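Q: Have a look at this one before I ask anything.
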Amino acid sequence: MTLAITVGALTAGAVYLLMQREMLRVILGFVLLGHAANLVIMAAGGTSRRGEPFGTPDNPGSVADPLPQAFVLTAIVIAFSITIFMLVLSATGTEDDDTTDDDGLPDEDDARLPASAEVRA
């Protein structure tokens, strides 16, 4: 029950952060969503019936399932690389690159921008 509440709280926080406009908050939302997904994958492996990682010589059937652990390890690497990529994009981008409002129409300040050169055939 605690695991389900934790996943729900992480997902709710991630959705809230993903709905924000700032890029850093969106990145933090993806991080939270990645953690929630990792917890779901580990829970799918059966947290209550998980035994020793290597088992015992008497009962080799009680060994923990390594597949969810391998999936989570892969997901951690992928989430880390996506996070770094998004941080680089947010650091190199500027807010001046966007010349339209949220409705897709040009800003009022766009009248001051120089007209683009015509494409010559």
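The values are calculated or read from the model by the stated rules, or taken from the named source; none is laboratory data. Source: prediction; values computed, not measured. Positions of Cβ are backbone-derived with ideal geometry, glycine not excepted, and every protein chain shown enters the neighbour counts.
Q: Answer yes or no as to whether residue 4 is at pLDDT below 90 and over 13 Å from the mean Cα position of the chain (by Cα).
A: Answer is no for this residue.
Q: What are the residues in region 16-41 that are out of contact with any Leu (no Cβ under 8 Å at 6 or more places or on another chain), farther than 15 Å from residue 81 by Cα and aliphatic (A, V, I, L, M), if any?
A: Across region 16-41, the qualifying residues are 19, 24, 37, 40, 41.
Q: Can you go through 94, 47, 83 and tell me which one is farther than 20 Å from residue 4 by Cβ, among the polar types (S, T, N, Q) and at pLDDT below 85?
A: 94
Q: What pairs come up if the first residue lies in region 26-37 and is without any contact (Cβ under 8 Å) to a residue 12 or more places away in the chain, the second is part of a helix (DSSP H, G or I) and buried (at least 18 other Cβ atoms within 10 Å of the Cβ), and their beta carbons are under 9 Å apart, counting only those six or more places apart or on different chains?
A: 28/14; 28/17
Q: If we scan region 57-80, do we find a residue that is charged (D, E, K, R), modelled with pLDDT of 65 or more and either within 21 Å of residue 13 (Cβ to Cβ) or in a loop (DSSP other than H, G, I, E, B) (or both)?
A: Yes, the conditions are met somewhere in region 57-80.
Q: A follow-up question, please. State the number of residues belonging to region 1-25 that are touching a residue at least 24 places away in the same chain (Cβ under 8 Å), aliphatic (A, V, I, L, M) and buried (at least 17 other Cβ atoms within 10 Å of the Cβ).
A: Here the count works out to 2.
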